[in-house]
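Written out below as C-alpha cells is the structure these notes cover.
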Amino acid sequence: MTKFHKQSLSPELRDLACSIGEAAKKEGLDFFDTIFEVVDHETLNAAAAYHGFPNRYPHWRWGMHYDRLAKTYRYGLSTIYELVINTNPSYAYLLDSNPLVLQKTVMAHVYGHVDFFKNNYWFSKTNRKMLDQMASHASSIRKIQEDIGQEEVERFIDYSLSLDNLIDIHSPFKRPVVSEAGEGQVTHPAKLQAKKYMDSYVNPKDVLAAKQQEIDNFRQQKKHFPVRPERDVLQFLLAHAPLSEWQKKVLDIIRTEAYYFAPQAQTKILNEGWASYWHSKIMTSVHPLEPSEIVDFCDLHAGVVAESGHNLNPYRLGIELLRYAKKRWDEGKFGIKYLSYDDPKQRRDHLIPTQLGASKIFEIRKWHNDVTFIDEFLDEDFCHEHKMFVYQYDPKQKKRVITSRDFGPIKQQLLDSITNLGQPIIEVTDGNYKNRGELLLCHRFAGEERSMEQAKQTLEALYHLWSRGVHIASQVAGKKVVLSFDGSEHHQDIGDAVVQEAS
C-alpha cells in the first residue's frame, strides 16, 4: 500500500475555498468546518480504498480495492477527483492534477455533501468523531493480531466482513417498546412503576394482565429465541454465538463501522444529486466562473451527470429529480397534504398548492433517503420526460433488451434495487432450530430470488461464527426451501420453516 502524501492548500486555493464557502452559505447551505488537503492520485486512491480513513485497521481487502483503483486510473478508465468524509470537522481530498476550474467545482460539490452530512436525518446518528474511533479500532485489531496471530485474525475478519450487510439499518432510529430487563421481567415504558402492594391500584388490571402474559411468553420461549425475528444478525451473533473475547471485539468493530457507512448507501442518489445541484448553481450564478472557464465547466459537469452504460448514474438521477421537484412546486403542481376534521366522522385529505420553490428542497435534504425521495417525487411525467425504461438480459439475443417503458415497472424496479441498500432482508428467527442449537434465518422474499452462490457464501461465513449448522429459509424457482450448511456440505430441502413475505 502506498504512503499517504498530502499538502496544504496554496494561497490561491485557500482564497477560493473561503469565497466559495461564503457563497454557499449565502444560498442557505449549513456545513461543518471543512478542511481541504491536496494529494496525488496514489494517495487519493489509497484513501478511497480505505473508504476515506487512512488510519483504518489493516486488511488485505483494502489493498485489493487500491489495486483496482490504481489500475483503472492507470488505463484511463476512471479518475477520482475528490473524496470527502462525514466527520466534524469534515476532511476533503483534492487531486493535485485537477485544473483550477475543476478544483472550484469540487469545492462547491464538497460543501454540498458536508451540508447534507450535517443536516440529513439519516446521518444524525453517525459518529462525527469517526477518525478517532477508526484509529482506536485499528490499534485494537493490531494488538489482537500480535496476540493471536495475523492469519487467524484476518480469516475471522474475512468471515465477518462478508456478513456486514446483515444489520438493521433502521435500528438507530427505533425506540424500544419492550425491553427484557431480566429473566421473566418485562419493562413497559408507558406503565407507571409502583411498589408491588400498590400496583393493582396504580395500574389498570388489563395492563397487569398484559404484563403477566408477556412474562409467561418469555419464560415459555426461552428455548426458542429470539422472541421475535431479529434483523440485526451481527448483534444476535455478538450476544449468542460461541465467540472468544477477541472475536467479539473484532465483530463489534465491524458492526460499528457498518452502521457508520450505512447512511451513505441509503442516500447515495439524493446526496450526490444535492451536491451536484449546488455545484452547478454556485458555479454558474452565485460564484461565477471566468469566461474562459465556462466551456471547461460545462464539459466537466456533463461528464458527471452523463449516463454510464447499463448502470444507474446517481448524480444524474439525483440532480434531475431535485430540479423536477422544484419546478413542479414553482408551477404549483406539488403541494402539502393536511387532514381536515370539519366532519368528525370522516377525515379527508386535501392538497394545498404551495409556491415554496427552492426553500422546499431543503426539506427534501433534511428528511429523505433514496427510497422515500424516489417514492415521493418520481412520477409518470418524470419517467416519460427522461425516457426511462426497464431492460433485462435476453439469452436468445445474447444482449440486454428493453422489456418495458411503463411507469409502474420502472419505479418498482428502481425501488427494489435500493431498498435495504439493495441487499436481501434476512432475519434470525430461531437460535435453537429443531432443538439442536442450530441457527435458522429467514429471507423476506420480495419477488426477486437471490444468487445461490451468494447464499452459500453467507451460510459458510455464518457457520464459522455460529460453529453449528446454519439454515436460511428462502424461495427458489417459486418454491419455499431451506438452504443449509453443516460445515462440510450444502443441502437444499423443501421448506418446513416459514418464509416471510415482504410487506
Considering the stretch 221-271, residues that are hydroxyl-bearing (Ser, Thr, Tyr) and open to solvent by 30 Å² or more (accessible area, probe 1.4 Å), and then whichever is nearest to residue 439 (Cα to Cα), we arrive at 244
Find the residue count for the stretch 129-144, including only residues that are without any contact (Cβ under 8 Å) to a residue 60 or more places away in the chain and either under 10 Å from residue 88 (Cβ atoms) or among the acidic types (Asp, Glu) (or both).
2
Quick check: is even one residue across the stretch 302-321 modelled with pLDDT under 60 and assigned to a strand (DSSP E or B)?
no
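In this structure, is residue 34 modelled with pLDDT of 95 or more and open to solvent by 20 Å² or more (accessible area, probe 1.4 Å)?
yes
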Please go through the stretch 379-412 and pick out each residue that is at pLDDT below 90 and polar (S, T, N, Q).
392, 397, 403, 404
Within the stretch 437-455, track down each residue that is modelled with pLDDT of 90 or more and either farther than 17 Å from residue 233 by Cβ or exposed (fewer than 15 other Cβ atoms within 10 Å of the Cβ) (or both).
437
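Residues checked against (1) over 19 Å from residue 272 (Cα atoms); (2) not charged (D, E, K, R):
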| position | (1), (2) |
| --- | --- |
| 9 | yes, yes |
| 16 | yes, yes |
| 33 | yes, no |
| 45 | yes, yes |
| 84 | no, yes |
| 101 | yes, yes |
| 107 | no, yes |
Say whether the condition of being farther than 30 Å from residue 124 by Cα, open to solvent by 50 Å² or more (accessible area, probe 1.4 Å) and touching a residue at least 12 places away in the same chain (Cβ under 8 Å) is met by at least one residue in the stretch 73-89.
yes
Would you confirm, using the coordinates I've provided, whether residue 67 is under 28 Å from residue 303 (Cα atoms) and open to solvent by 40 Å² or more (accessible area, probe 1.4 Å)?
yes
In the stretch 240-260, is there at least one residue being in contact with a Pro (Cβ under 7 Å, 6 or more places away or on another chain) and farther than 29 Å from residue 359 by Cβ?
yes
Considering the stretch 5-25 alone, what residues qualify as being under 31 Å from the mean Cα position of the chain (by Cα), in contact (Cβ under 8 Å) with a residue 24 or more places away in the chain and either surrounded by fewer than 12 Cβ atoms within 10 Å (Cβ to Cβ) or assigned to a helix (DSSP H, G or I) (or both)?
17, 20, 21, 23, 24
Could you list, in sequence order, the residues of the stretch 480-503 that are modelled with pLDDT under 75 and open to solvent by 60 Å² or more (accessible area, probe 1.4 Å)?
496, 498, 501, 503
Unmet criterion (only one of (1) modelled with pLDDT of 90 or more; (2) among the hydrophobic types (A, V, I, L, M, F, W, C); (3) open to solvent by 70 Å² or more (accessible area, probe 1.4 Å)) for residue 477
(1)
Starting from residues that are hydroxyl-bearing (Ser, Thr, Tyr) and more than 22 Å from the chain's Cα centre (by Cα), keep the ones in the stretch 32-65 and report whichever is farthest from residue 9 (Cα to Cα).
43
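The values are calculated or read from the model by the stated rules, or taken from the named source; none is laboratory data. This one's a predicted model, so the numbers in the text were calculated from it and none came from an experiment. Every residue, glycine as well, gets a Cβ built from its backbone with ideal geometry; the counts of neighbours run over all protein chains shown. Surface accessibility is based on the protein's heavy atoms, side chains included, excluding ligands, DNA and RNA. Shrake-Rupley method; radii C 1.70, N 1.55, O 1.52, S 1.80 Å.
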